[in-house]
1. Could we say that Lys35 is more than 30 Å from Glu132 (Cα to Cα) and within 12 Å of the ligand (Cβ to nearest atom) here?
2. Please go through the range 41-52 and give me each residue that is within 16 Å of the ligand (Cβ to nearest atom) and more than 22 Å from Trp102 (Cβ to Cβ), ordered by number.
3. Among residues belonging to the range 53-73 that are surrounded by fewer than 20 Cβ atoms within 10 Å (Cβ to Cβ) and modelled with pLDDT under 90, point out the one that is nearest to the ligand (Cβ to nearest atom).
Amino acid sequence: MSEEQRFWSHVRKSTNPDECWEWQGTLRNGYGEFKRHIYAHRYSYQLANGPIPNGMMIDHICFNRRCVNPQHLRLATNSQNMEHLQGAFKNNKSCGIRGVTWAKHANMWKVQVCHNYHRYRGGYFHNLAEAEQAAITLRNKVMQFNDLDRTPISNNN
Ligand SMILES: [Zn+2]
């Protein structure tokens, strides 16, 4: 068996590309571990896309750490992006950020704000941090009473 075959023997694949392919082998910090010190999702990303550039992270778009579906993985450019995803993971499995949802068909984050039975579209974004900012900007534009966005929230309180 080749190394690649051995890798996929640990994965429960789905015929539906939207579904997560969960790692069935060893876990480390909730992530699949293929070989010592090699995360399964990073290995899967490299199989599909080639080497990961130095210092880059691999993000789970689906927030499922065990998932190795290459379509649910993407390069994360900075630590801020990771912080947003971790925050989103804590709040809500689908996204965690108000006004931002994952648009499967577009493979991007969709910004949409509902107010007074009207739906305002904010466009599509590859970057979750940009989508969040767009949602806040859009809310500020369409709503009068959105104090939550305008008031800085301190972590110390
Ligand atoms: Zn997934």
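The values are calculated or read from the model by the stated rules, or taken from the named source; none is laboratory data. These numbers were taken from a predicted model, which means no experiment stands behind them. Positions of Cβ are generated from backbone atoms using ideal geometry, with glycine treated the same way; all protein chains shown enter the neighbour counts.
1. Working: more than 30 Å from Glu132 (Cα to Cα): yes; within 12 Å of the ligand (Cβ to nearest atom): no.
No.
2. From the range 41-52, those within 16 Å of the ligand (Cβ to nearest atom) are 41-45, 47-49; that's our starting set.
Scanning the range 41-52 gives Tyr43, Leu47.
3. Applying the filter and picking the extreme gives Cys62.
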